Every structure is written in C-alpha cells, then in structure tokens.
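These notes are about the structure you will find just below.
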Amino acid sequence: MKQPQQATTVSSPAAAGSSPQAPVFHVGDLVVYETTGVCRIQAMGPLDFSKGKRYYTLLPVFGSETIYVPMDSGAFLRPAMGRQEAEALIAQIPSIHEDTVSIRNLQLLSDYYQSAFHSHDCADLVHLIKTIYAKSTKAQQAGRKPSSFDQRYRKRAEELLHGELAVALGISREDVGEYIRQKLEGPPPEAPAE
C-alpha cells in the first residue's frame, strides 16, 4: 500500500504559508476526517469550553454525532473527492490488484489491514476490499467459511469507500456498488423483444 498522504494532514491552521489564524478549510466544505469518513464542516472557531482554542465542528454525512477537532491537532483532514476523481478511481479499479495474504497472527493481520485505513487513500481501500474478497473466495473454494475478522475490515472499507463515492457522485451509498458494476461492465443487456 502507498505511503500516507502527508500534504493534506492538518498540522496547523497555518498550512501553506498562510497566517497562523487562516483556516485551511471553510464552513460548508466536505472533508474526510481520519477514519470517520466524509463530514461537512459545520463551524470553525473557539467553542464555549475551549478557552480560545479553535476547532472544526464536523458533522459526518453518514452519522448523527458531532465531532470537534482542534484546528492545530495534527489530525488527518482532507477534501472529499469530487465527481471527476471518483470517476477516475472507478476506472482504475480493474488495475488495482489484490495481495495474497497468509498472515495468521491476528495482530499482524489487523496492522496490515489498518494500514489501508491510515493511508487515507481510496485506492488503498479498493486494494483492501479486493484482497479480502480474494482471501474469502479462496477459503470458500477450500470448503471453509470466510473469516468474520476479515469481513469486518472489508465491510468498514466498503462503508468508507462507498460513502465518499456516494457523496462525490450524488447517489445513495447503497447504489454505489451497482454504479461501479455498470461503469466497469456496461449496462445489463436488454431483454430481446418478443
């Protein structure tokens, strides 16, 4: 998997040579926060309890909680992908190959899977999903049940990936899988007229 994106890490509000008080993002922006997924910035600035410390107030698009992130915390925050980036990623899916994973130690396997989440790169999520899918298919072919441990990671990767693609494409998260299939395979053949 690729190295984490460092250029978009919010290390301080003074990024890119701007003044120390200049925000990196703006109210209303859609961003990806850590491993939460896509959030909308609801507010920026000091909170009642913060003694002047500035925060991003984030509302996850696919959640109901409110998240407060200190603007100088070093937390990972990047702009959510747009439609063109989403379409380019979907077109790239066939060229993203899975790994053959034979790690048996659950802690090492967890670390390996977590690296895809911590890279904050959607191509790495595709890679992880394809890797776990291939591993599960191999287990089924051998007469074994796919690991629930693996399936939890696959499900979380799909939630993050499909959530960001849904926002970028303006469709529901539930429709993303079918959208990808149609883009890669084309529309289903029409039934012959009788």
* To do: Scan segment 66-104 for residues that are over 18 Å from Arg154 (Cβ atoms), open to solvent by less than 80 Å² (accessible area, probe 1.4 Å), assigned to a loop (DSSP other than H, G, I, E, B) and not hydrophobic (A, V, I, L, M, F, W, C) and report the count.
  => 4
* To do: Consider Arg156 carefully, then state whether it is open to solvent by 20 Å² or more (accessible area, probe 1.4 Å) and assigned to a loop (DSSP other than H, G, I, E, B).
  => no
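Do you know which residues across segment 112-147 are over 18 Å from His162 (Cα atoms) and either at pLDDT 95 or above or part of a loop (DSSP other than H, G, I, E, B) (or both)?
Applying the first criterion (over 18 Å from His162 (Cα atoms)) to segment 112-147 yields 112, 115, 134-147.
Ala142, Gly143, Arg144, Lys145, Pro146, Ser147, listed by residue number.
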* Filter segment 43-57 down to residues that are in a strand (DSSP E or B) and either more than 15 Å from Ala75 (Cα to Cα) or touching a residue at least 24 places away in the same chain (Cβ under 8 Å) (or both), then give me how many there are. => 6
* To do: State which residue is nearest to Met81 (Cα to Cα) when the search covers only segment 33-42 and only residues that are in a strand (DSSP E or B) and in contact with a Phe, Trp or Tyr (Cβ under 8 Å, 6 or more places away or on another chain).
  => Val38
* With the condition kept exactly as written, say whether any residue in segment 117-129 is touching a residue at least 60 places away in the same chain (Cβ under 8 Å), among the acidic types (Asp, Glu) and either more than 17 Å from Ala157 (Cα to Cα) or open to solvent by less than 30 Å² (accessible area, probe 1.4 Å) (or both). => yes
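The values are calculated or read from the model by the stated rules, or taken from the named source; none is laboratory data. Just so it is clear, the structure is predicted and the values come from calculations on it, not from any experiment. A quick note on method: Cβ atoms are made from the backbone with ideal geometry, for glycine too, and the neighbour counts reach across all protein chains shown. Accessible surface is based on the protein model in full, side chains and every heavy atom, while ligands, DNA and RNA are left aside. Shrake-Rupley method; radii C 1.70, N 1.55, O 1.52, S 1.80 Å.
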